1. Just to be sure I understand, how many residues within the stretch 348-407 are out of contact with any Gly (no Cβ under 6 Å at 6 or more places or on another chain), farther than 21 Å from Asp147 by Cβ and of a type in the set (S, T, N, Q)?
2. Which members of the stretch 86-141 meet the condition of being without any contact (Cβ under 8 Å) to a residue 60 or more places away in the chain, farther than 26 Å from Leu155 by Cα and β-branched (Val, Ile, Thr)?
3. Scan the stretch 18-44 for residues that are of a type in the set (Gly, Ala, Ser) and under 16 Å from the mean Cα position of the chain (by Cα) and report the count.
4. Tell me the residue from Thr257, Thr278, Thr301 that is in the same structural domain as Val389 (by TED's automatic domain parsing), crowded, with 19+ Cβ neighbours inside 10 Å and not hydrophobic (A, V, I, L, M, F, W, C), please.
5. With respect to the numbered conditions (1) within 14 Å of His53 (Cα to Cα); (2) of a type in the set (Phe, Trp, Tyr); (3) surrounded by fewer than 19 Cβ atoms within 10 Å (Cβ to Cβ), which one is the sole condition not fulfilled by Trp151?
6. Tally up the residues in the stretch 1-15 that are more than 20 Å from Tyr82 (Cα to Cα) and at pLDDT 95 or above, please.
7. On the given criteria, is Glu268 closer than 26 Å to Gly394 by Cα, acidic (Asp, Glu) and part of a helix (DSSP H, G or I)?
8. Regarding Pro391, is this residue buried (at least 24 other Cβ atoms within 10 Å of the Cβ) and of a type outside the set (A, V, I, L, M, F, W, C)?
Amino acid sequence: MNPRWLAVSVLQKVGRGKFAAPTLDQALLRHRLPRQQAGLLTDLVYGTLRRLHHLEYSLKPNLKNPSSLPDGIRWLLYAAAYELWFTHRPKHAVVNAWVGVAKRLSEPHAGLVNAVLRRARLDQGAPAAVKLGIPDFLYQEWSSRFDDLSWVEELNEPSPLWLTLYPGGRELLQQQGVSFSDGPLPDSVRLEGVPLREVEAFRKGLAQPQNPSSLLAAVLLGAGEGELVLDLAGGSGLKAAWLAARGARVLSVDSNTRRQQEGRKNLERLGLNVEFLTHDIAKPLGRAAPYVLLDAPCLGTGTLRGHPELRLRLKQQDLSRMAALQRRLLETAAEATEPGGVLLYSVCSLTLAEGEKQIRDFLSRHPEFEPSPLEPPLPLLERGAGVYVKPTEGLDGFYYARLQKLS
């Protein structure tokens, strides 16, 4: 199967609302491409989505009416332009390859594809937000807060494969001869040049794909062996798994039964025990614990590297809606935190409304909580009541605040 043809198919599905990672994984599993072709397919999908704003901007002067083109041809042009302008593959061969795909996809448009690809050039004079691949509202906020936005350009680079290792995982990686380096947190490693499906430690339940910035939430919580943790908005239980592996008693709470079922299967693979409760955490929980972790739903602006399709979907009006939801969830979390206990709030987003402002507003409503200083072993963008983790060197961007409830 032609990986360029497959790339167009995957991109069309993402354009219609699917998520990139599972859609790409399904294509890879179904067609079993050789490693080099699988790598090309992966690069075309993720690269096109990361650079889509710049690609659209640069191609537009060469297309009279892009919206009138068949969906497949539009995505073909974006993917082809990405390969032409952002990879080092021979340009003549790239154009010929894509014209061949166009003939198969829509013969009448093959001439147009050939002409556009040979004529168009990447517009280096595009607005900064376009070149960085982010919506205007994000660029306006980030450029007003940070003098240096080089880390935003890093979000356009490929994501490394990070694994959280469980006992025996490191030894199995070494036995298999997998090349890896230690990450910034204990149990976290970065793999090089091997797809996850070929990692024996993952298949045997001794490793879990997880960005160190995400793992940090469980580390900062500080729960010890035998202590009860409420993992609110716990999803599939990745953080709960790490806590359970260290002896904590974890109740993972979420309203999404499908993700909880995925979590149960994953925990069975890892050989760990976590209790799941299906509940809308915008409503009172009716129970309390000394440790509460709220990894709240958010816009995901710190994960644009690994979830580039978010660039197509982020809207400014979503920010206030998400902040309002987070506020409600924080109220549930506050009530569920025992006196003297710890509430750890995290979001994989780098906006003020979802992070520092959210927590400042919470503290003004809840004088019974006070922030604890945080010194995470990860690079930081900003400090306040909490900290913003910088999305550099393959890390996701996160906001964390650790709040102590007074006795």
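The values are calculated or read from the model by the stated rules, or taken from the named source; none is laboratory data. All figures in this text were calculated on a predicted structure; none of them were measured in a lab. Cβ coordinates were reconstructed from backbone atoms using ideal geometry, including for glycine residues, and neighbour counts include every protein chain displayed.
1. The qualifying residues number 4.
2. Val95, Val99, Val113, Val116
3. Residues that pass the stated criteria total 2.
4. Thr301
5. Answer for Trp151: the failing condition is (1).
6. Filtering the stretch 1-15 down to residues more than 20 Å from Tyr82 (Cα to Cα) leaves 1.
Those left that are additionally at pLDDT 95 or above: none.
Matching residues across the stretch 1-15 total 0.
7. No: the conditions fail for Glu268.
8. yes
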